[in-house]
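Heads up: the structure comes next, in structure tokens.
Coordinate-derived values only; no laboratory data. Everything quoted here is computed from the prediction, not taken from an experiment. Methodologically, a virtual Cβ is constructed for each residue, glycine included, from the backbone with ideal geometry; neighbour enumeration extends over all protein chains shown.
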Amino acid sequence: MRCGWRIAGAAMALLFHSTLTAQNFPAKPVKIVVPFSAGGAVDVPARILAQKLQEFWGQGVVVDNRPGAGSTIGAEAVAKAAPDGYTLLLTSNTHVISGNLYRNLSYDPLGDFEPVMELGNAPNVLVVHPGFPAKSVAELIAEAKRRPGQIDYASSGNGSSQHLFCALFAAMAGVRMNHVPYKGSGQATTDLLAGRVPVSCPGVNNVLTHIKAGKLRPLAVTSQRRSMELPEVPTLAEAGVAGYEATLWIGLLAPKGTARAVTAKIFADLSKVLGRDDVKKALAGTGTESSVKDDRQFAQLLREESAKWAKLIAESGAKVE
């Protein structure tokens, strides 16, 4: 009986400590690791939210870019960080894509993290350099069939959404294209704009300015619905690739073992920030639509996305070169 009371007492003490810690969170600066290069589809929203959270919390919020290896470098750093809520990972579906592409990872993309929340999603856009002959998805498919394996497409790296979204397009369209991975979206965009690589599937916000300036030609967006930033551009499904849908979601993860009271506090505070009109407007300007899902909903999304991409990777034959 005494042993039972001791166990119950220890559990109550732990719960009290976690609750007290959460109430005082954050008591020092928070680091948000973005496993992509600066200026990308995840980095720009991260910086908007970091600034707003810093104002809300009255504590520093630092964005730490750790790009490379399909987001696995940054994810590994967070997986090994102290589970106290002060090191977080803001990532995309690249997180679960890479879990199915890369072998011998030192962490489990699902098991070594605590889901905090999904906070937004955005489509990518299939674009070509203006010098490339295709002016529609149908013309791109025809050109790729005429020159199988000879048309290059750029991505921000192996396992990135740009890589897999284009690979999925090629597989579903029944064509072969050549993947050219770069170390970040900035380098990929530079060569795309120069015409050295004619095709890509970047995030809308990455290339919106270039599209409006006529430096890139948009053929279709990857989402089920048209982009609010490019309403005149059809979806890939509308453009003839029936059933195509791939949307980049953005979500927040904490190291495994982070107290739920702490992750719940982060969720509650960030939800309040995301509910503000100025924040919604700022995110919309990046092509990101606010989409709040709690830890349980986000955990379900992670499982579903992991299974989805595992199947699509197997069917498309996509791999890390």
Practice task
Along Cα→Cβ, 7 Å out, is where each label goes; now give me the distance between the ones at residue 183 and residue 307 in nm to one decimal.
Solution key: 3.8
Problem - Beta bridges per DSSP with both ends in the chain, % antiparallel, nearest 5 - result: 60
Fill in the blank from the handout: HN-Hα couplings for segment 114-122 via Karplus (6.51, -1.76, 1.60; θ = phi - 60°), in whole Hz with x for Gly/Pro, come out as 9, x, 9, 5, 8, 10, x, 8, 7
Fill in the blank from the handout: Percent antiparallel among DSSP beta bridges confined to segment 125-221, rounded to 5, stands at 50
Handout entry: Two-site FRET efficiency, residue 150 against residue 320, from Cβ-Cβ distance with R₀ of 30 Å, rounded to 0.05
Key = 0.85
Fill in the blank from the handout: Here the net charge surrounding residue 297, from other residues whose Cβ is less than 12 Å away from its Cβ (Lys, Arg +1; Asp, Glu -1), is -1
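What's the local net charge at residue 130, with K and R +1, D and E -1, over the other residues with C-beta under 15 Å away? Working shown, then result.
Details: positive: 135, 196, 212, 215, 217; negative: 139, 143, 191.
Result for the neighbourhood of residue 130: +2.
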Handout entry: residue 193-residue 300 FRET efficiency (beta carbon distance; Förster radius 25 Å; 0.05 resolution)
Key = 0.05
Completion exercise
At 10 °C and 1.306 mPa s, the Stokes-Einstein diffusion coefficient in µm²/s for segment 229-321, with hydrodynamic radius from the Kirkwood sum on alpha carbon pairs, is 97
Practice task
For residue 235, list long-range residues whose amide hydrogen, built 1.01 Å from N in the peptide plane, is under 5 Å from its own amide hydrogen.
Solution key: 221
Exercise for the section: Using the number of other C-beta atoms within 10 angstrom as an exposure proxy, rank 273, 61 with the fewest first. Expected result: 273, 61
Handout entry: Estimated 222 nm signal from helices in the chain, with DSSP H stretches of n ≥ 4 weighted -39500 (n - 2.57), rounded to 500
Key = -13500 deg cm²/dmol
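Over segment 125-221, what is the relative contact order in percent, taking alpha-carbon pairs closer than 8 angstrom and at least six residues apart?
45
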Exercise for the section: Multiply the residue separation of residue 256 and residue 142 by 0.36 nm, subtract the distance between their alpha-carbon atoms, and state the gained length in nm to one decimal. Expected result: 36.3 nm
Practice task
Give, in whole angstrom and from largest to smallest, the semi-axes √(5λ) of the equivalent ellipsoid of segment 125-221, with λ running over the eigenvalues of the Cα gyration tensor.
Solution key: 18, 15, 12
Fill in the blank from the handout: Sorted by chain and then number, the residues having a modelled amide H within less than 5 Å of the amide H of residue 128, at least 5 places away or on another chain, are 217, 219
Practice task
Would you please give the residues with an amide H less than 5 Å from that of residue 156, counting only those at least 5 places away or on a separate chain, with H modeled from the backbone geometry?
Solution key: 162, 163, 182
Practice task
For residue 56 and residue 225, calculate 0.36 nm times their separation in residues minus their Cα-Cα distance, and state this gained length in nm to one decimal.
Solution key: 57.5 nm
Handout entry: Over the chain - Rg/Rh using Cα atoms and the Kirkwood inverse-distance radius
Key = 1.03
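Could you grab the relative contact order for segment 169-321? Cα pairs under 8 Å, six or more apart, rounded to a whole percent.
Relative contact order here is 17 percent.
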Problem - Label point at residue 84 placed 7 Å out along Cα→Cβ; residues across segment 255-276 whose backbone nitrogen lies under 18 Å - result: 255-266
